[in-house]
Amino acid sequence: MTLASLNLVAALPEIWLLCATSAILLIDLFLKDEQRDITYALSLLALVGAAVFTIEGYSAAPRAAFSGMFVADAMSDVLKVGMYAAVGLMLAYSRSYAADRQIYKGELFTLSLFALLGMMVMASATNLLTLYVGLELLSLSLYALVALPRDNKVATEAAMKYFVLGALASGMLLYGMSMIYGATGSLNVHEIAQKVASGSANATLLVFGLVFIVTGIGFKLGNVPFHMWVPDVYQGSPTAVTLLIGSAPKLAAFAFVIRLLVQALPSLQAQWQGMLIVLAVLSIGIGNVVAIAQTNLKRMLAYSTISHMGFLLLGILSGSLQGYSASMFYAIVYALMSVAGFGVVLLMSRQGFEAERLADLKGLAQRSPWFAWMMLFVMFSMAGIPVFSGFFAKLAVIQAVVADDKLIWLAVVAVLFSLVGAFYYLRVVKLMFMDEPLDASPIAVKFDMRVLLSINCLAILVLGLMPQSLLKLCYESVKTSLGML
Amino acid sequence: MSEHLLSLAIWVPIVAGLIVLATGGDRNAGVARVLALIGAVLGFLVTIPLYTSFAPLHGGAQFEEMRAWIPAFNINYHLGVDGLSMFFVILNAFTTLLVVVAGWEVIQERVAQYMAAFLIMSGLINGAFSSMDAMLFYVFFEAMLIPLYLIVGVWGGQNRVYAAIKLFLYTLMGSLLLLVAFIYLFFKTGHSFEIADFQRIALPLSVQGLLMVAFFFAFAVKVPMFPVHTWLPDAHVEAPTGGSMVLAAITLKLGAYGFLRFALPIAPDAARQYGWIIILLSLIAVVYIGLVALVQTDMKKLVAYSSISHMGFVTLGFYMLVDGAPTTYGVEGALVQMISHGFVSAAMFFCIGVMYDRVHSRKIADYGGVANTMPKFAAFALLFAMANSGLPATSGFVGEFMVIVGAVQVNFWYAALAATTLVFGASYTLWMYKRVIFGEVANSHVAELKDINLREFAVLAVLAVAVLGMGLYPEAFTSKMHTSVDTLISQVKQSKLP
């Protein structure tokens with residue numbers, strides 16, 4: 001292996017982040033608790049550095065590294081920038097929350113950054129092994145993050161559940177990958193695609209492998225019927241970690257699905273389309289219906305995530321370039337909404353009080369009108385009401401589905417369940433605007449968080465008024481990355 | 001200038017609403033009211049040239065404005081009005097002005113948000129009426145639900161939350177199917193959301209039938225038609241006076257307009273095939289809902305049912321077209337009825353609001369003898385009650401008469417059933433009027449009533465002029481819609497089967 005085939009430049013953002021995180025890990029050892037803001041600043045610096053490398057290195061043509069195990073292409077670059085933003089916002093939002101709960105420690109930062117590194121590897125992996133390594137780096141970091149408040153029973157239980165089910169899912173995925181390897185003799189996604197297309201691979205083995213891979217994907221995305229961990233983990237984790245789990249990893253998961261199904265197994269589209277239809281319909285249906293029964297805001301948002309991940313699959317299963325870019329747009333918009341939604345939950349929490357019951361939102365419009373309006377944006381956007389960006393995300397995936405005459409029924413099912421979904425989003429708005437507050441004290445918010453959350457929520461509106469540039473970016477990047485010209 | 005008129009009609013109220021919102025809490029309520037009034041007046045003024053410079057002999061869209069909005073979906077910011085939609089833009093701006101005045105001192109809590117919600121909604125509704133692009137229409141059509149939901153839910157009566165959520169979900173249910181229908185048509189037209197392209201393409205009957213179902217749910221819920229009308233009485237009863245006025249005067253018209261703009265011209269063959277169902281439902285609305293109105297004990301509910309019954313006339317007028325109506329009376333009568341109902345229902349709800357502000361009851365039984373203490377009010381109320389019953393020389397008569405004339409030409413029984421409204425309408429309206437206004441002073445509340453003040457007088461007087469003006473000289477309205485109606489009819493008469 002020559003240095004040229006390593007092509008380390010393509011992986012510069014990852015290399016930088018690895019070095020920076022390791023350095024932060026070391027520096028933090030010498031810091032006292034009250035100096036933790038230094039770690040915070042360094043972490044943000046690491047993110048900014050990674051963003052600079054990614055944007056500087058951006059070019060439409062894919063740049064392979066590590067002899068084809070890794071690729072930096074337009075799609076992964078766009079997704080990575082989204083991940084930096086999500087992780088950066090998470091760190092900023094959770095500062096006072098974490099400090100109040102004795103988890104404002106070096107681990108929070110280094111584990112978040114390692115999780116980010118895992119996501120970046122997932123987004124760029126073109127080899128089943130790299131994909132798996134990225135996924136495990138992400139998952140292991142997240143397991144530990146969930147258990148960060150180690151004296152907290154709920155959090156420990158959530159971490160345990162997450163770990164056991166996550167390990168099971170990883171096992172499924174590996175098993176599937178091994179079958180694919182057995183059938184094609186390769187781990188590289190492009191070589192797998194060629195072998196499958198040539199028809200020389202054992203079809204039975206391939207389809208078996210595919211079933212396990214789709215199962216693994218279902219677990220990781222949290223699609224019904226593999227969704228059981230989602231509500232418990234969302235509820236049990238410290239809200240700062242829930243925010244992380246609910247945002248950036250969805251971007252990585254999107255890339256993961258694209259790499260595995262669209263890039264490696266395009267010839268099996270007829271098979272995986274059927275499986276994804278089942279996952280999507282069940283997720284949209286059960287996610288939306290069960291969310292209605294929740295009284296815990298984090299749990300409700302967990303079920304809402306499940307339904308959104310169903311919508312995300314709609315674009316992918318349509319099997320068209322339009323559909324893939326629609327899903328990518330959906331993932332980005334969803335991450336933006338999710339960060340904002342959990343951001344409001346973080347904002348309302350204070351020392352010794354988790355604002356995670358729906359009832360805690362009561363009368364927010366009187367306590368803090370500005371944030372009530374911001375949350376209203378998030379809720380209507382998640383419900384898919386124009387003119388918020390969530391509407392255009394839904395429009396894009398539904399359009400991709402309707403393009404196929406045989407799948408129009410799927411679009412009708414999806415929109416009818418999103419009607420069911422509208423109810424619980426409306427209920428949040430009702431609680432904020434139409435109910436009297438339980439506790440009339442105004443909400444104390446740090447200035448940086450106030451500004452960032454406002455920008456975050458206004459972005460949801462602005463992206464709805466002017467979605468063209470992001471839509472175009474998604475379309476172009478998916479097109480060049482998949483080599484469909 | 002004229003190509004930006006519609007943009008102004010949309011954005012002036014929205015921007016004004018945002019400015020009002022920025023005044024913040026109730027400390028600045030006075031400023032918020034004045035700004036809202038200025039915004040509403042400006043919003044109304046910019047719509048007047050739509051009438052004065054409207055070319056009546058031009059059948060297509062006028063005042064067009066076109067620019068690309070989201071090229072990725074080929075969605076254009078394409079505005080334009082024809083004789084079918086122009087009046088509703090003006091009516092909407094007019095109603096918004098009245099609503100701002102009507103809520104002047106009645107609303108004391110969160111004034112800025114109240115006024116802003118109405119102004120923003122007004123802009124969004126104008127957008128829906130003037131969209132020439134189906135997805136743009138959809139965006140406005142849906143987005144207006146957000147302010148409406150807040151208006152009913154925040155400033156409404158006791159059971160306001162239930163009513164607000166019901167209203168939202170009912171209307172959302174309809175429009176989601178509309179979304180799928182639009183996207184389907186987008187692919188059939190070769191990637192265009194232009195309404196004109198939708199109207200042009202040939203479609204097999206089975207597809208037209210499904211599209212008609214989607215359109216029916218979207219627009220019948222909004223109209224509302226029997227049997228999807230049940231949200232309206234709840235919403236009206238709980239909404240604040242201004243909310244009821246806008247709901248009855250404008251948003252219901254959006255549903256009827258949808259039938260005219262989408263359902264009829266896009267699926268004319270399905271309309272011929274299944275139009276009898278709509279006619280049947282319309283007649284049920286006229287007769288059955290008329291009877292339901294008769295037994296109401298709550299004034300707002302009574303007027304709400306009366307609205308449903310009157311809107312039955314509108315859909316009847318439209319769909320007689322497909323039953324081989326030889327003249328334009330049906331459609332034009334229905335359009336006139338829509339405008340007239342805009343004035344009359346707004347006036348009726350305002351009258352109820354005037355009494356409610358003083359007595360805090362909507363029950364008919366809590367009143368009696370109001371004429372003794374509020375003579376000026378009683379005189380106005382009589383005029384509007386007569387208009388609601390369709391008395392000649394009021395606007396209410398013109399539309400009903402034209403629709404009935406149209407119905408006689410199609411089928412005698414349609415006309416006979418439709419004409420029962422003249423009896424039922426007069427019964428429920430005048431009987432309510434008698435019980436509330438005439439007779440002995442019923443209780444101490446009524447005895448203490450003060451007659452209307454200048455603000456209320458102004459609102460009622462303006463509406464009275466509109467009702468009488470339209471009743472005496474309907475030509476001012478019909479002359480501008482005639483060519484567009486002819487164009488529509490020729491479109492509907494052509495078969496679109498491939």
(message) Between B:Phe44, B:Phe63, which is within 28 Å of B:Ala458 (Cβ to Cβ) and of a type in the set (Phe, Trp, Tyr)?
(response) B:Phe44
(request) Return a yes/no flag: does segment A:293-303 have any residue that is assigned to a helix (DSSP H, G or I) and β-branched (Val, Ile, Thr). (result) no
(message) Show me the helices (runs of 4 or more DSSP H) found entirely inside segment A:356-439 where at least 1 residues are farther than 22 Å from B:Ile75 by Cβ and within 12 Å of chain B (Cβ to nearest Cβ).
(response) A:364-367, A:369-383, A:408-434
(message) I'm trying to understand the selection: among the residues of segment A:287-322, which are surrounded by fewer than 24 Cβ atoms within 10 Å (Cβ to Cβ) and under 24 Å from A:Gln263 (Cα atoms)?
(response) A:Gly319, A:Ser320, A:Leu321, A:Gln322
(message) Of everything in segment B:162-171, what is surrounded by 23 or more Cβ atoms within 10 Å (Cβ to Cβ) and facing another protein chain (nearest Cβ under 7 Å)? Give them in sequence order.
(response) B:Phe168
(message) If B:Gln113 meets every condition in (1) within 12 Å of chain A (Cβ to nearest Cβ); (2) farther than 29 Å from B:Gly24 by Cβ; (3) over 21 Å from the mean Cα position of the chain (by Cα) apart from one, which number is that one?
(response) (2)
(message) Can you confirm whether B:Val223 is without any contact (Cβ under 8 Å) to a residue 60 or more places away in the chain and either within 10 Å of another protein chain (Cβ to nearest Cβ) or within 22 Å of B:Gly317 (Cβ to Cβ) (or both)?
(response) no
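It is to be established whether one or more residues within segment A:369-381 are over 23 Å from the mean Cα position of the chain (by Cα), farther than 28 Å from B:Leu150 by Cα and free of Cβ contacts under 8 Å to residues at least 40 places away in the same chain.
To start, the set of residues in segment A:369-381 that are over 23 Å from the mean Cα position of the chain (by Cα) comprises A:369-373.
When the remaining residues are screened for being farther than 28 Å from B:Leu150 by Cα, the result is none.
No, segment A:369-381 contains no residue that is over 23 Å from the mean Cα position of the chain (by Cα), farther than 28 Å from B:Leu150 by Cα and free of Cβ contacts under 8 Å to residues at least 40 places away in the same chain.
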(request) Filter segment B:119-161 down to the residues that are within 12 Å of another protein chain (Cβ to nearest Cβ), within 23 Å of B:Gly39 (Cβ to Cβ) and of a type in the set (Val, Ile, Thr), then identify the one that is surrounded by the most Cβ atoms within 10 Å (Cβ to Cβ). (result) B:Val152
(request) Kindly indicate whether B:Tyr274 is at pLDDT 90 or above and either surrounded by 24 or more Cβ atoms within 10 Å (Cβ to Cβ) or at negative phi (or both). (result) no
(request) Determine the pairs where a residue that is in contact (Cβ under 8 Å) with a residue 24 or more places away in the chain, located within segment B:15-44, has a partner that is aromatic (Phe, Trp, Tyr) and part of a helix (DSSP H, G or I) with Cβ atoms under 9 Å apart, the partner being 6 or more residues away or on another chain. (result) B:Gly17/B:Phe118; B:Leu21/A:Trp373; B:Ala32/B:Tyr114; B:Ala36/B:Tyr114; B:Ala36/B:Phe118; B:Ala40/B:Phe118; B:Phe44/B:Phe94
(message) Could you go through segment B:101-108 and let me know if any residue there is at the interface with another protein chain (Cβ under 10 Å from one of its Cβ atoms), acidic (Asp, Glu) and surrounded by fewer than 24 Cβ atoms within 10 Å (Cβ to Cβ).
(response) no
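Identify, from the list A:Ala422, A:Ala355, A:Ala393, the residue that is in contact with a Ser or Thr (Cβ under 8 Å, 6 or more places away or on another chain), among the hydrophobic types (A, V, I, L, M, F, W, C) and in contact (Cβ under 8 Å) with a residue 24 or more places away in the chain. Step through it out loud before you land on a result.
On the way: A:Ala422 fails: in contact with a Ser or Thr (Cβ under 8 Å, 6 or more places away or on another chain); A:Ala393 fails: in contact with a Ser or Thr (Cβ under 8 Å, 6 or more places away or on another chain).
After applying the criteria, what remains is A:Ala355.
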(request) May I ask you to say which residue of B:Pro268, B:Pro233 is within 17 Å of B:Tyr149 (Cα to Cα) and not small (Gly, Ala, Ser)? (result) B:Pro233
(request) Any residue in segment A:297-323 that's within 18 Å of A:Val420 (Cα to Cα): show its pairings with residues that are outside any helix (DSSP H, G or I) and of a type in the set (A, V, I, L, M, F, W, C) at Cβ separation under 8 Å, as long as the two are six or more apart or on different chains. (result) A:Leu297/A:Ala355; A:Ile306/A:Val224; A:Gly310/A:Val224
(request) Return yes or no: is B:Val287 in contact with a helix residue (DSSP H, G or I) (Cβ under 7 Å, 6 or more places away or on another chain), more than 30 Å from B:Ser444 (Cβ to Cβ) and touching a residue at least 24 places away in the same chain (Cβ under 8 Å)? (result) yes
(message) Can you tell me which of (1) out of contact with any helix residue (DSSP H, G or I) (no Cβ under 6 Å at 6 or more places or on another chain); (2) of a type in the set (A, V, I, L, M, F, W, C); (3) modelled with pLDDT under 90; (4) farther than 29 Å from A:Leu470 by Cα is the one A:Ile286 doesn't meet?
(response) (3)
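Looking at B:Ser490, B:Ser389, can you tell me which residue is crowded, with 17+ Cβ neighbours inside 10 Å, hydroxyl-bearing (Ser, Thr, Tyr) and within 23 Å of B:Tyr329 (Cβ to Cβ)? Full working, then the answer.
Working: B:Ser490 fails: crowded, with 17+ Cβ neighbours inside 10 Å.
Of B:Ser490, B:Ser389, the one residue that is crowded, with 17+ Cβ neighbours inside 10 Å, hydroxyl-bearing (Ser, Thr, Tyr) and within 23 Å of B:Tyr329 (Cβ to Cβ) is B:Ser389.
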(message) Suppose we keep only residues that are among the hydrophobic types (A, V, I, L, M, F, W, C) and not in a helix (DSSP H, G or I) within segment A:106-151. Which one would you say is nearest to A:Leu31 (Cα to Cα)?
(response) A:Leu148
(message) Being surrounded by fewer than 13 Cβ atoms within 10 Å (Cβ to Cβ), among the charged types (D, E, K, R) and more than 16 Å from B:Tyr356 (Cα to Cα) is the requirement here; does B:Glu448 meet it?
(response) no
(message) Restricting to segment B:400-415, count the residues that are under 24 Å from B:Met386 (Cβ atoms) and touching an Asp or Glu at 6+ places or on another chain (Cβ under 7 Å).
(response) 1
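Looking only at residues in segment B:55-76 that are assigned to a strand (DSSP E or B) and away from chain A (no Cβ under 11 Å), which one is surrounded by the fewest Cβ atoms within 10 Å (Cβ to Cβ)? Lay out the reasoning, then the answer.
So in segment B:55-76, the residues assigned to a strand (DSSP E or B) come out as B:62-70, B:75-76.
Okay, now just the ones that are also away from chain A (no Cβ under 11 Å), so B:62-67, B:76.
Details: B:Gln62: 20, B:Phe63: 24, B:Glu64: 15, B:Glu65: 18, B:Met66: 14, B:Arg67: 9, B:Asn76: 21.
This residue is B:Arg67.
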(message) Take residues that are more than 19 Å from the chain's Cα centre (by Cα) and surrounded by 24 or more Cβ atoms within 10 Å (Cβ to Cβ) and tell me which of the helices (runs of 4 or more DSSP H) falling wholly in segment A:152-243 contain 3 or more.
(response) none
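From the list B:Ser282, B:Ser306, which one is buried (at least 21 other Cβ atoms within 10 Å of the Cβ), polar (S, T, N, Q), more than 17 Å from B:Leu335 (Cα to Cα) and in contact with a Gly (Cβ under 9 Å, 6 or more places away or on another chain)? Explain how you work it out, then say what you get.
Working: B:Ser282 fails: more than 17 Å from B:Leu335 (Cα to Cα).
Testing whether each residue is buried (at least 21 other Cβ atoms within 10 Å of the Cβ), polar (S, T, N, Q), more than 17 Å from B:Leu335 (Cα to Cα) and in contact with a Gly (Cβ under 9 Å, 6 or more places away or on another chain) leaves just B:Ser306.
The values are calculated or read from the model by the stated rules, or taken from the named source; none is laboratory data. Just so we're clear, the structure is a prediction, and the values are computed from it rather than from any experiment. Note that each Cβ is placed from the backbone with ideal geometry, even for glycine, and that neighbours are counted across all protein chains shown.
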